[in-house]
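Inspection log for the structure reproduced underneath, given as C-alpha cells.
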Amino acid sequence: MKYKKIVHATFLKRPNRFIARVLVDKETETVHVKNTGRCKEILLPGTEVILEESDNPKRKTKYDLITAWKENIGWINIDSQSPNKIAMEWLMEQGFDYIKPEFTYGNSRIDFYMEKGNEKYLMEVKGCTLEIDGVGYFPDAPTERGVKHLKELIKAVKEGYHAMVAFVIQMEGITEVRPYEQRHPEFAKAFYEAKEEGVEVIFICCKVYEDEVKFTGSLELQ
C-alpha cells in the first residue's frame, strides 16, 4: 500500500479526534487525522509525523496525518484505512477462489467473505497501532463495534463458516497483539470467548516505510 505525495512535519497538538496542529516548513497547519482512536502514546508534542497531501482542492484540510515516529519502534502507520487494504493484499496470496469485501452477515458488515472450494470464510480486520513493552495491544479506545463483530464471528463458526479476526500490525518488530483489557474489558472477554469457540486469530506483520506499508508475513495465535 503506497501513498502518493508525502510531507514531513512536526506534531504540535490534537484539539479533537479528527484534526491536529502540525508544523510544516515553520508554518502551523491544521490537518486531518486518519484515525479516531486515542493514539496518545504516539502523538506527542514534538513527534515527527508524515502527512499525505490531498489531491482534492475543495477540502478544508490540505493534508492527512498518516504516520508517526516512535522511539525504539520506528514509523507507526496510524491510517485507519490501511489495514483493510493490506489485508486484501495478504488475502490475494492465500489461495482463495473468491474474495468479497464488506460482506453483510447477521446484523454486521464483516470486512471480508472468502471461498476456497466448498468452504466459506469470514474475516474481520483490526489495525494495531498501540505498542507497550514490545507487545501490540487492541483496542486503544473502547470499541462496541469490535465486540459486536467478535460475537458475529462466533455465530458464524457455529453455522459452519471458517471465521477469522486479523490484526494488521501497523509497525515493525511486533509479532503479537493482545486484547487491552484495561481499556476495554468487554472486548477482551469477547476475544477470549471467540478464540475458545474456534475463531482463528491472525497477526499480519508489516514493514512501514515513509510512503508505503507492506505486509511481511502472518502468524496464527495458537
key: Hits in segment 194-222 - residues which are β-branched (Val, Ile, Thr), part of a strand (DSSP E or B) and in contact (Cβ under 8 Å) with a residue 24 or more places away in the chain   = 201, 202, 204, 208, 213
request  = State whether the residues of segment 27-40 include one that is touching an Asp or Glu at 6+ places or on another chain (Cβ under 8 Å), on the phi > 0 side of the Ramachandran plot and not assigned by TED's automatic domain parsing to the domain that holds residue 163.
outcome  = yes
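Residues are listed down the side, and each one gets a yes or a no for (1) assigned to a helix (DSSP H, G or I); (2) over 25 Å from residue 142 (Cα atoms):
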| position | (1), (2) |
| --- | --- |
| 10 | no, yes |
| 21 | no, no |
| 52 | no, yes |
| 88 | yes, yes |
request  = Can you work out which of the residues in segment 105-128 that are part of a strand (DSSP E or B) and at pLDDT below 95 is surrounded by the fewest Cβ atoms within 10 Å (Cβ to Cβ)?
outcome  = 109
ask   = Quick one: which of 136, 160 is over 19 Å from residue 85 (Cα atoms), in contact (Cβ under 8 Å) with a residue 12 or more places away in the chain, touching a Cys at 6+ places or on another chain (Cβ under 6 Å) and of a type outside the set (Lys, Arg)?
value = 136
task = Please go through segment 24-79 and pick out each residue that is among the polar types (S, T, N, Q) and either in contact with a strand residue (DSSP E or B) (Cβ under 9 Å, 6 or more places away or on another chain) or without any contact (Cβ under 8 Å) to a residue 40 or more places away in the chain (or both).
result = 28, 30, 35, 47, 54, 56, 61, 67, 72, 77
note = The residue that is surrounded by the fewest Cβ atoms within 10 Å (Cβ to Cβ), considering only those in segment 173-186 that are in contact with a strand residue (DSSP E or B) (Cβ under 6 Å, 6 or more places away or on another chain) and modelled with pLDDT of 95 or more, is 178
message = If a residue must be more than 18 Å from residue 174 (Cα to Cα) and of a type in the set (Phe, Trp, Tyr), how many such residues does segment 44-101 contain?
response = 3
query = Before we move on, is residue 191 touching a Cys at 6+ places or on another chain (Cβ under 7 Å) and either in contact (Cβ under 8 Å) with a residue 60 or more places away in the chain or not in a loop (DSSP other than H, G, I, E, B) (or both)?
reply = no
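The values are calculated or read from the model by the stated rules, or taken from the named source; none is laboratory data. The model shown is predicted, which means the values in this text are computed figures rather than measured ones. Because the Cβ atoms are built from the backbone with ideal geometry, glycine has one as well, and the counts that use them run over all protein chains shown.
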